[in-house]
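Taking it in order: structure first as structure tokens, then the write-up.
The values are calculated or read from the model by the stated rules, or taken from the named source; none is laboratory data. Note that this is a predicted model, so its numbers are computed, not measured. When we count neighbours, we look across all protein chains shown, and the Cβ atoms used for this are built from the backbone with ideal geometry, even at glycine.
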Amino acid sequence: MTQVNGKPVQLKEEADEPGWEVDPDDDWGIAVVETVGRQLKLRREAVGMRAADFGLAVGYGEDLVYKIESGKRIPRPEYLDKADKVLGAGGLLSAMKEDVKKVRYPKKVRDLAAMEARAVEIGVYECNNIHGLLQTPEHARALLESWQPAYTPEDVERLVAARMARQSVFERSPAPALGFVLEESTLRRNVGGTMVRRQQFERLLQVGRLNNVTLQVMPMDSGAHPGLSGRIELLKFEDGTGVGRSDGAFSGRPTTDLRQLRILELRYGTIRAQALRPGESLTLIEKLLGET
């Protein structure tokens, strides 16, 4: 505990902020955090402020200040806001929050979001969960909190934020064509309790009624179909290229090979043909909402 003006003040240390470490395999993230840290240090030194005094001003321990400035830790958005005010940066440090926020998302999530952001067509069959692009924050949080080994609360919030950020795909103009096929069994699973389920059903109905979205449900009494081996994702881009992935094909790795893409498209098309039609699917979701 540190004394400031005769009053005890608890400064944040590294142990108080789990989940804000830099991923050593994320070259872009490392470059961003190092650049931000260097700017923070230059600004602090330019006003003649020692790291210890600066830490007191923003509520952080001296050691954590040094780690942020050396690019070893990701600064919180509020840290950048406080630093901007204390160092008189006129908004330049606060403006770095957007890039820093992206660094917190896992690299594979950022890569997926970047592909989704430029796709003109996205087709998804999901067999175990409601797809991330369709989840509410509460539903996503309930799923992540059930995983083992358990995520820290910080990591859960970071992953939820990353998942919600991907949903900006629905705000694009021109809008991409989006198709989803979900298993009825995933809709009936009691994830998060009554209110979370109701909110999730309402979200599905909202999205399913968009002109550029086709939402279908595979009924529980359907026969065998090509999706029983796992999830399928297909993305097509404006230049005619595409990328696909399936848990049950090609070792689960993303593929751009035309022959492999045709196989995934055949499987996905067969799944869509066996699922309920969009209108019937929305009626089923409305029924489940009424029963919840």
- Out of curiosity, is Leu264 outside any strand (DSSP E or B), closer than 13 Å to Tyr125 by Cα and either modelled with pLDDT of 95 or more or not assigned by TED's automatic domain parsing to the domain that holds Ile130 (or both)? yes
- Note on the structure: Just one listed residue, out of Leu80, Leu159, Leu93, is over 23 Å from Thr35 (Cα atoms) and of a type outside the set (D, E, K, R), and it is Leu159
- Message: For the structure I just gave you, tell me whether Leu42 is surrounded by 20 or more Cβ atoms within 10 Å (Cβ to Cβ), in a helix (DSSP H, G or I) and either modelled with pLDDT of 90 or more or of a type in the set (Lys, Arg) (or both).
- Response: no
- Item | Residue within segment 175-195 that is in contact (Cβ under 8 Å) with a residue 12 or more places away in the chain, under 22 Å from Met220 (Cα atoms), crowded, with 18+ Cβ neighbours inside 10 Å and among the basic types (Lys, Arg) present | no
- Query: Looking only at segment 59-103, which residues are without any contact (Cβ under 8 Å) to a residue 40 or more places away in the chain, of a type in the set (A, V, I, L, M, F, W, C) and surrounded by 21 or more Cβ atoms within 10 Å (Cβ to Cβ)?
  - Reply: Val65, Ile68
- Meets criteria (assigned by TED's automatic domain parsing to the domain that holds Asn128, at pLDDT 95 or above and not aliphatic (A, V, I, L, M)) for Gly227: no
- Task: Scan segment 239-292 for residues that are hydroxyl-bearing (Ser, Thr, Tyr) and either under 26 Å from Met220 (Cβ atoms) or in contact (Cβ under 8 Å) with a residue 60 or more places away in the chain (or both) and report the count.
- Result: 6
- Item | Residue within segment 215-226 that is touching a residue at least 60 places away in the same chain (Cβ under 8 Å), surrounded by fewer than 19 Cβ atoms within 10 Å (Cβ to Cβ) and part of a strand (DSSP E or B) present | no
- In segment 91-158, which helices (runs of 4 or more DSSP H) lie fully inside it and hold 3 or more residues that are within 22 Å of Glu233 (Cβ to Cβ) and among the small types (Gly, Ala, Ser)? 107-118
- Query: So is Gly240 assigned by TED's automatic domain parsing to the domain that holds Glu121 and surrounded by fewer than 17 Cβ atoms within 10 Å (Cβ to Cβ) or not?
  - Reply: yes
